[in-house]
Amino acid sequence: MISLSALKRDLEISRGLGDIIDVLKTAAVIQFHALQEKEKPEPLFLEDVESCLGLLLSQETTNPFFMRRQGKPSLIVLMTSDEGFLGELNSVLINTALEQKRSASDEIVVLGDRGARALEEMDMAFSSFPGIGDEINTADAERVRDYCLQAYRSRFGRIIAVYPKFFSLGYQKVEAAQLLPYTAPSGSDERTTLNLEEDMIEPSARSVVESLIEIWLGYKFLDIFWSSKQSEYAARIMHLEGSTQELSHLNHGLSLSYFRQVHALRDKSIREISASKNLLGKK
């Protein structure tokens with residue numbers, strides 16, 4: 001049986017840990033709401049670019065950005081987090097990225113030091129970029145985009161992004177989204193063909209596709225960065241909330257054990273005093 005002093009010490013440690021977790025949770029909530037207040041990528045712009053690309057799909061069927069190139073390896077862009085309390089999320093992201101590998105020639109580009117260290121421990125070959133910071137900017141997304149476009153043009157036949165997709169504070173889902181070759185999203189504009197007698201493409205359909213893909217991919221990565229960062233904060237809040245509940249149950253159990261022993265010691269003391277009085281009275 002645990003001694004009374006040990007129970008008291010454990011109870012004090014548990015309560016102190018609960019205070020620390022409450023502070024961390026409050027900080028995560030503040031960060032989450034601060035991010036929500038910032039200007040996000042405009043979804044209508046992305047839809048307009050996708051609508052333009054959809055019009056060109058039927059005319060540029062042999063364009064490398066549209067056609068499937070069998071036999072070429074895949075480039076997997078993995079978004080991991082350097083935030084605390086997100087080891088489980090990083091594990092799911094890494095496992096999902098590894099599931100996307102179809103051959104030994106496939107390569108992984110990882111964002112985040114913790115993801116890079118995990119892949120190093122697994123003896124996996126990879127390239128790396130810094131993780132997504134608190135200040136999300138277009139320049140960071142464009143650096144990843146430029147790397148991916150150059151890699152796609154030179155040797156890869158498929159680019160996939162693995163990231164946590166944000167739906168709400170309580171729900172995030174790890175997504176493996178194919179970025180290239182480009183395919184029109186479901187529910188896109190019904191007008192999917194061009195009339196060459198009525199529609200003019202300058203300077204050429206191929207160069208327009210190149211420019212649109214560059215714009216679209218940069219904006220897509222920016223959108224993925226935002227989704228990933230929101231998911232990080234949300235997952236951290238939910239993890240800390242779960243820890244708070246577990247500590248609450250632990251504190252309840254420790255408190256019961258502590259006061260049970262206190263009452264037992266008091267009862268024992270009362271019985272011993274009563275027994276002593278009885279013995280003295282008999283004398």
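Where a number appears in this text, it was derived from the coordinates with a stated rule and is not lab data. All figures in this text were calculated on a predicted structure; none of them were measured in a lab. Neighbour counts are summed over all protein chains in view; Cβ atoms, including those assigned to glycine, are modelled from backbone coordinates with ideal geometry.
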**Item:** Order of S186, S207 under a 10 Å beta carbon neighbour criterion, fewest first
**Value:** S186, S207
**Asked** Between D48 and S168, how many nm apart are label points set 7 Å from Cα along the C-beta direction?
**Response** 3.1
**Complete:** Quick note on R114, R260, ordering by fewest other C-beta atoms within 10 Å, gives R260, R114
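Work out, step by step, the length gained on full extension between K72 and I270: first 0.36 nm times the residue separation, then minus their alpha carbon distance; give nm to one decimal.
Full extension from K72 to I270 adds 62.9 nm.
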**Fill in**
Computed from every Cα-Cα pair in region 1-94, P(r) in 10 Å bins starting at 0 and rounded to whole percents is 11, 17, 24, 20, 12, 8, 6, 2, 0
**Item:** Whole-number percent relative contact order across the chain, with pairs defined as alpha carbons under 8 Å at least 6 apart
**Value:** 30
**Asked** Relative to the first principal axis of the alpha-carbon coordinates of the chain, what is the inclination of helix 4-37, with its axis defined by its Cα atoms, in degrees from 0 to 90 and to the nearest 10?
**Response** 30
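Can you tell me which of 101-112, 128-139 comes out highest on packing, and rank the rest after it, using the mean Cβ neighbours within 10 Å?
Per-residue Cβ counts within 10 Å, averaged per peptide and sorted highest first, yield 101-112, 128-139.
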**Per-pair calculated FRET efficiency, R0 = 51 Å: H263 and E99 via Cβ, rounded to 0.05** = 0.35
**Prompt:** Among K165/K229; K38/K229; K165/K220; K72/K101; K25/K229; K101/K173, which pairs are too far apart, with a Cα-Cα distance over 18 Å?
**Reply:** K101/K173
**Message:** Between 0 and 90 degrees, rounded to the nearest ten: what's the tilt of helix 43-57 against the longest Cα principal axis of the chain?
**Reply:** 40
**Request:** Report, to two decimal places, the Cα Rg of region 41-236 normalised by 2.2 N^0.38 Å (N = number of residues).
**Result:** 1.07
**Message:** Taking just the alpha carbons, could you work out the radius of gyration and Dmax for region 51-135, both in angstroms?
**Reply:** 16.4, 49
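Where the convex hull is taken over the Cα atoms of region 118-174, what is its projected area averaged over directions, in nm²?
Values: hull surface 23.2 nm².
It is 5.8 nm².
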**Complete:** Asserting the computed 222 nm helical MRE of the chain (DSSP H runs at least 4 long, -39500 (n - 2.57) per run, divided by residue count, to nearest 500) equals -21000 deg cm²/dmol
**Neighbour-count order for E88, E175, E39, fewest beta carbons within 10 angstrom listed first** = E39, E88, E175
